[in-house]
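Accompanying notes for the structure given below.
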Amino acid sequence: LSVTMILEFLKKNRNLLKEPYTNTIEFNEEGIGKEPHTFPPLRTEQILTPIKDDSEFWEFDDRNTKNELLYAIIVNRSKKRINIVFRGSITVKDWYIDFKLSYEQTEWISRFAGKLVKVHKGFAEYLFSSTTTRDDLKSKYDMIIENLTSIRAITDENGNNIYRDYAIWTTGHSLGGALAQLLAYTLAGSDDIDDLPTPITAITYASPPVGNYKFRKSFQNYEMKGYLRHIRITAEGDIIPGFVKQTGVSVHLYQDRQAKIKYGKKINYKRRTLKAMVSRMVKNHDVDTYYERLLFESNRHILMMNFENLYEESGATDLFRKRSNRFSVFKKTFKSMKNDNGTKGCLWF
C-alpha cells in the first residue's frame with residue numbers, strides 16, 4: 001500500500017470522511033450524496049502529500065485495536081529505512097497498560113540483559129505477551145520479527161537482497177514512544193534476527209520512562225557500542241515523560257524559545273511550570289503541540305542535525321569517550337595481573 005494510493009482514496013472520499021479529533025478519521029454520514037471536490041482537503045492529506053511515493057506500507061496491524069497495541073511498518077526506499085511506528089494511548093486498554101507502573105523482569109529482556117534489568121510491566125506486557133488476534137497466540141513482538149524477516153528476505157531478479165541493509169527506525173508518541181524505545185532496545189540486544197544493521201534508531205515523542213536504573217545503564221552501553229541510538233523529544237509542561245533520568249539524547253521543546261539538547265539529565269520543571277501543568281496537561285502532551293514547537297523558527301538548525309551532531313551537542317559523545325578510555329585502562333591493568341594459579345586475565349574480558 002503506497003502513499004499515492006492512500007491519498008487517492010482520501011481525495012475521492014472527502015465527503016464521507018471527517019477528522020473531529022487529532023489523528024482520528026471517522027465516517028461522515030452528512031456527506032452521503034455530495035461531491036468530494038466540494039470538501040476541503042483533510043488534514044491527513046496535507047501531512048501525507050510531501051512524502052515521496054517510494055514509501056510502502058508493508059503492515060498495518062489493526063485487527064484488535066481496542067485491546068491490543070497498534071503498529072505499522074513502512075519501507076522507505078529513498079532513505080533506505082524500515083520504519084516501525086506505534087500508536088499512542090487511545091483506548092481504555094491503552095490507559096490501563098500505561099498505569100501498570102511497576103518495573104519487573106521479563107523473559108525477553110533477561111535473556112540478553114540479565115535479571116537486574118527491569119522494565120515497565122504494562123509496556124512489556126503489551127509488546128511481548130501473547131495476543132488474541134492469531135490462532136498461534138504470538139505476541140506483537142513475534143509478529144514484528146516475522147515482518148522484518150520477510151522484508152529482509154526479499155530478493156531482486158538476480159537473487160540479491162533488496163532491503164537487507166536498510167536501517168531500522170522505531171518511533172511513536174507517548175505510549176507509542178515507550179514501545180518504540182523498548183523495541184529498539186530489544187532488537188539491539190537480542191539475536192532474534194541475524195545481521196541487523198546497526199545502530200537501531202528510536203525517535204520518541206513524550207515517552208514515559210521505560211525501565212529502571214539498570215535498564216538505562218544497559219541502554220547506554222549499547223549506545224557506546226554503536227548498536228543503538230535514541231532521540232527523545234519532550235515538551236516543557238508535559239508531565240508524562242516524568243522527573244527521572246531517561247535514555248537517549250533529550251531534545252526538550254519550549255513554546256517560545258530554542259530547544260535544549262542534553263544527555264543523561266532529568267527534566268527540571270520550574271515551579272510556575274508545575275502550576276501550569278494542571279490546567280494545560282492534555283494540551284502540553286498533545287502531538288500537535290510537539291509538532292508546532294519542533295518546527296519553531298529557533299529550532300531549524302536542530303532539525304538539520306544528524307545523529308552524530310545531536311550526540312555530540314548533548315555531551316554524550318564525550319561521555320562515551322571518557323568511559324571507554326577509563327575501561328581500556330582498567331582492562332589493561334586487570335589483564336596484566338595474575339591470579340594464584342598463574343592464569344592471566346579473566347574470562348569475561
Mind listing whichever residues of the range 151-168 are assigned to a loop (DSSP other than H, G, I, E, B), within 22 Å of Tyr222 (Cβ to Cβ) and of a type outside the set (D, E, K, R)?
Tyr166
Here the qualifying pairs (Cβ atoms under 8 Å; residues six or more apart or on different chains; first in the range 280-307 and open to solvent by 60 Å² or more (accessible area, probe 1.4 Å); second of a type in the set (Phe, Trp, Tyr)) come out as Phe296/Tyr254
Residue under question is Ile203, and the condition is that it be under 25 Å from Glu236 (Cβ atoms) and at pLDDT 95 or above; does it hold?
yes
Kindly provide the set of residues from the range 174-191 that are open to solvent by less than 50 Å² (accessible area, probe 1.4 Å) and either part of a loop (DSSP other than H, G, I, E, B) or not aliphatic (A, V, I, L, M) (or both), ordered by number.
Ser174, Gly176, Gly177, Gln181, Tyr185, Thr186, Gly189, Ser190
Can you tell me which residues in the range 217-240 are under 22 Å from Pro199 (Cα atoms) and part of a loop (DSSP other than H, G, I, E, B)?
Gly226, Tyr227
Is it fair to say Arg81 is under 28 Å from Ile154 (Cβ atoms), out of contact with any helix residue (DSSP H, G or I) (no Cβ under 8 Å at 6 or more places or on another chain), modelled with pLDDT of 90 or more and surrounded by 15 or more Cβ atoms within 10 Å (Cβ to Cβ)?
yes
Checking Thr171 against (1) in a helix (DSSP H, G or I); (2) within 24 Å of Asn64 (Cα to Cα), only one condition comes out false. Which one?
(1)
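Matching residues to (1) more than 17 Å from Gly176 (Cα to Cα); (2) open to solvent by 20 Å² or more (accessible area, probe 1.4 Å); (3) free of Cβ contacts under 8 Å to residues at least 12 places away in the same chain:
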| position | (1), (2), (3) |
| --- | --- |
| Asp62 | no, yes, yes |
| Lys66 | no, yes, no |
| Tyr71 | no, no, no |
| Phe86 | no, no, no |
| Asp94 | no, no, no |
| Ser110 | yes, yes, yes |
| Lys115 | yes, yes, yes |
| Thr131 | yes, no, no |
| Leu137 | yes, yes, yes |
If Thr149 meets every condition in (1) exposed (fewer than 14 other Cβ atoms within 10 Å of the Cβ); (2) free of Cβ contacts under 8 Å to residues at least 40 places away in the same chain; (3) closer than 24 Å to Ser190 by Cβ apart from one, which number is that one?
(2)
Is it the case, given these coordinates, that Thr155 is within 26 Å of Ile25 (Cβ to Cβ) and either open to solvent by 30 Å² or more (accessible area, probe 1.4 Å) or of a type in the set (Phe, Trp, Tyr) (or both)?
no
If I go through the range 241-269 residue by residue, how many of them are surrounded by fewer than 20 Cβ atoms within 10 Å (Cβ to Cβ) and assigned to a loop (DSSP other than H, G, I, E, B)?
14
Members of the range 1-36 found to be surrounded by 10 or more Cβ atoms within 10 Å (Cβ to Cβ), more than 32 Å from the chain's Cα centre (by Cα) and of a type outside the set (D, E, K, R), listed by number
Asn15, Leu16, Asn28, Gly31, Pro36
For the range 74-141, which fully contained helices (runs of 4 or more DSSP H) count at least 3 residues that are under 21 Å from Ser174 (Cα atoms)?
92-98, 121-128
If a residue must be of a type outside the set (D, E, K, R), part of a strand (DSSP E or B) and farther than 18 Å from Val85 by Cβ, how many such residues does the range 1-60 contain?
2
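The values are calculated or read from the model by the stated rules, or taken from the named source; none is laboratory data. Bear in mind that the values here come from a model prediction, so they are computed numbers and not experimental data. Cβ: placed from backbone, ideal geometry, glycine included. Neighbour counts: every protein chain shown. Areas reflect the complete protein model, heavy atoms only, side chains present, ligands, DNA and RNA absent. Shrake-Rupley method; radii C 1.70, N 1.55, O 1.52, S 1.80 Å.
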